[in-house]
1. At 0.36 nm per residue, minus the direct Cα-Cα distance, what do Glu293 and Lys87 gain on full extension? Give it in nm, one decimal, please.
2. Using a ≥ b ≥ c from the Cα gyration tensor of region 2-186 (square roots of the eigenvalues), is it rounded, prolate or oblate, where a/c under 1.5 gives rounded and otherwise the larger of a/b and b/c decides, a/b for prolate?
3. Which of the pairs Lys42/Lys179; Lys238/Lys339; Lys358/Lys379; Lys212/Lys238 have their Cα atoms more than 22 Å apart in this structure?
4. Tell me what the chain gives for mean residue ellipticity at 222 nm when only DSSP H runs of n ≥ 4 count, each as -39,500 (n - 2.57), the sum divided by the residue total, rounded to 500 deg cm²/dmol.
5. So if I place +1 on the C-beta of Lys and Arg and -1 on the C-beta of Asp and Glu, and nothing else carries charge, what would the dipole magnitude of the chain be about its Cα centre? I want it in debye, nearest 20.
6. Filter the GluC sites (Glu not before Pro) in region 66-152 down to the DSSP loop ones having no more than 12 other Cβ atoms within 10 Å, then list what survives.
7. What percent do you get for the relative contact order of region 247-337 when only Cα pairs under 8 Å and 6+ apart count?
8. Take the alpha-carbon centre of region 232-260, take the same for region 314-363, and report the distance between them in whole Å.
Amino acid sequence: MVTNLRYAVLVAWIAVPCLAIAEQRTVRIEQPIQPRGTIALKLRTKQAFENGSATEPATTPFLSIPNLGEGFVRQDNSSVRIGWQWKGIKGAPYVVPQLPELPGPDTYFIQFTWDAEKGLFDFYVNGHSMRKAGVESEPWTFAAAAEEIVAAGGPVDVGDLIVLPKYLPPDEARRQVPKELLGRHAEVFGGERDVQPLAIDERRGRLLYEAKLVDEQDVRDWVLEGPGEISFEDGWMKMRSTRPDAKGPLNGHIVHWCPRDFPERFVAEWEIQLLEDMGLTIVFFAAKGENGEDIFDPNLPERDGTFVHYIRRSVKSYHISYYASTPNYVGRPTSNLRKNNRFYLLSSGQVAIPAASKDIHHIRLIKDGAHIQLQCDGKVSIDFTDPGGERHGPVYGGGKIGHRQMQWTVGRYRNFRVWELRPDE
């Protein structure tokens, strides 16, 4: 089916008359889509999209502009992705955030808005920014003019399709979100949630481990994997890669392991300060070999900081990425909890450390059996209880803790401490 649409030329929103597209529909526009514009729509899912051991990988396009770009939902064992990919446009941003799930059947308000000359491309779901909005990058040039939009059917319906010849700044984009959808599913998209810090003061037991991280003696038994450099200054331990510009198969990432094993219930705390804008920090915990071995068992394969060694190979663990701003994904808005060695994305929350922050932040990681909570400066970023079972496998118990930095990261740490956590009676 083909529908004609006069390209919107005013600030007012113009809705395409395709309110419930159950089958593929082509929408023709009188003027080609320009290097500056906005596409918005309601995406109605007929099912839930989720990850897990039984998930069959599948990609479901919901909107395409021939020879220019495509919006899609993709699911596989590790995560669900929703996003937009430009086609044939060198240097255009690739924005495909990963989610633990996309609940359904449900309705979502999607907005893609761009200004190619300024290098702007923002993406929102229900008003939640899927990357740091308003960030200018390298400009790009459209390779082809587009005069039609194809809305797909199948597992998803597209409705209330809107096209504008202008970029929408963040505040204006938010004002266009239908009130009934604004802020929905914050637990999926990393929005703010009213989750309180766990009350642990009366349950905190004896101090299991302490390293002030002020000099080499404090980390004499720690193990560094990858091309890293550890130095000490002003009462801090600084971690950096010796290959910050590594590309391709040449690895530049590092992991620094505390030598102790910790029980299934613990409270870990440390302070961190990021010294560069670009970077990604992770804490691994409950780390053991695939068959319960110590992760330093000489029979396990060697690790050199390359990510796949930690997420897909012989080490099982949980990990949380709590700062993320990389050259290809500036200002990721979420902290992510994953379960290795299958890289399952279990939960997302509001990013713990904001992009480009140079403040000193206090991190508290709590593992209360299956209940995991990460706080930054007293505010909850991740709060999730691993249900175990077939979808993501059994709950992990105790193991080692390690600090990971991607190659661009320069961070410094101090006052690393771990306490036992008594069961809640």
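1. 69.6 nm
2. Verdict is rounded for region 2-186.
3. In this structure, Lys238/Lys339 lie more than 22 Å apart at Cα.
4. Using -39500 (n - 2.57) per qualifying helix, the result is -500 deg cm²/dmol.
5. 620
6. Glu136
7. Dividing the mean separation by the residue count of region 247-337 yields 33 percent.
8. Comparing the Cα centres of region 232-260 and region 314-363, I get a distance of 17 Å.
Since every read-out is calculated from the coordinates, none of them should be taken as a lab result. All of these numbers come straight from a predicted model, not from anything done at the bench. Note: ideal-geometry Cβ built from the backbone for every residue, glycine included; neighbour counts use all protein chains shown.
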